[in-house]
Amino acid sequence: MSFVGVQTTLGQESSEKITCPTCKTETLATKKGGGVHLEKRMLCPECKGEGTTLGAHVCNKCGQEVLLCDLCKKVVGRAAEKPAAQLKCPDCKERVTVTKKGGGVHLEKAMECPSCKKKVEGLEAVECGRCGKEMLSCPICRQHVGSVVKRVPAVELKCPSCKETVTATKKGGGVHLEKKMACPNCKKEIQDMDIHTCSKCGTEMATCPLCNKPM
């Protein structure tokens with residue numbers, strides 16, 4: 001059976017372009033649920049129109065839930081801080097409570113979440129409440145989409161002990177100097193030195209943080 005002149009939208013999800021009050025960027029927000037119904041008409045602070053419903057949307061970048069005026073589609077409110085989410089930790093292999101950490105990750109191009117299939121422009125950085133594993137989750141469905149890999153910077157340099165050019169990995173936070181000194185290699189003034197460890201003999205070397213050469 002068909003209906004002439006009638007357009008059905010069941011099962012479709014709409015997105016609106018908004019300026020998110022949390023991440024402060026112009027992005028898309030996906031409609032969530034049926035919105036909020038008001039007992040009395042309210043005056044929209046943006047378009048000055050009167051209405052009785054507000055559309056509930058979720059920012060595709062940071063996951064903030066916002067309310068939009070049904071007339072002008074501008075943000076007129078936002079939800080309170082979201083409660084801690086639960087997801088399956090890839091290390092613990094169990095569903096655990098995670099806490100949001102930092103500002104998350106911004107994507108140059110929108111990607112499709114493998115869980116909810118919605119387009120997102122950013123990922124939330126979260127931490128496992130049990131083992132401390134840092135993960136990335138979708139800001140809309142809040143499911144695990146990746147893990148944070150911490151890489152230790154490594155440089156190629158000549159070890160003064162084994163006299164060979166080796167790969168040296170950075171160790172700890174380095175050394176802070178009381179006064180600035182000039183690097184003997186690049187001649188620039190520095191007040192900190194990195195510590196690198198030779199991958200062959202284990203010798204620890206002080207290196208310039210600017211030119212990465214042994215000092």
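Side notes on the structure shown:
- A Gaussian network model of the chain, with springs between Cα atoms under 10 Å, assigns the largest mean-square fluctuation among Leu28, Leu71, Leu136 to Leu71.
- Set against the labelled values (1) 27, 22, 16; (2) 52, 21, 16; (3) 33, 19, 15, semi-axes √(5λ) of the Cα gyration tensor in Å computed from this structure falls on (2).
- Distance in nm between pseudo-label sites at Lys109 and Ser15 (7 Å out along the Cβ direction from Cα): 1.4 nm
- Gained length - Leu43 relative to Ser199, 0.36 nm times residue gap less alpha-carbon distance: 49.4 nm
- When peptides 21-27, 119-125 are sorted by average Cβ neighbour count within 10 Å, with the highest value leading, the order is 119-125, 21-27.
- With 0.36 nm allotted per residue and the present C-alpha distance subtracted, the Ala182-Cys131 stretch has 14.1 nm of extension available.
- Pairwise FRET efficiency - Arg95 versus Lys158, Cβ, R0 = 45 Å, nearest 0.05: 0.35
- Stretch gain in nm, segment Lys119-Lys88, where the contour uses 0.36 nm per residue and the Cα spacing is subtracted: 9.0 nm
- Order of His37, His57 - criterion: other Cβ atoms within 10 Å of each residue's Cβ, fewest first: His37, His57
- For the pair Ser147 and Met215, label points projected 7 Å from Cα toward Cβ lie 3.6 nm apart.
- Euclidean distance of C-alpha centroids, segment 109-139 and segment 198-215, integer Å: 36 Å
- Distance violations [Cα-Cα > 32 Å] among Lys31/Lys88; Lys88/Lys109; Lys61/Lys187; Lys73/Lys117; Lys24/Lys187; Lys74/Lys101: Lys61/Lys187; Lys24/Lys187
- Under 5 Å, built H, 5+ apart or other chain: amide partners of Lys32: Ala56, His57, Val58
Where a number appears in this text, it was derived from the coordinates with a stated rule and is not lab data. Keep in mind that this is a model prediction, so the values were computed, not measured. Methodologically, a virtual Cβ is constructed for each residue, glycine included, from the backbone with ideal geometry; neighbour enumeration extends over all protein chains shown.
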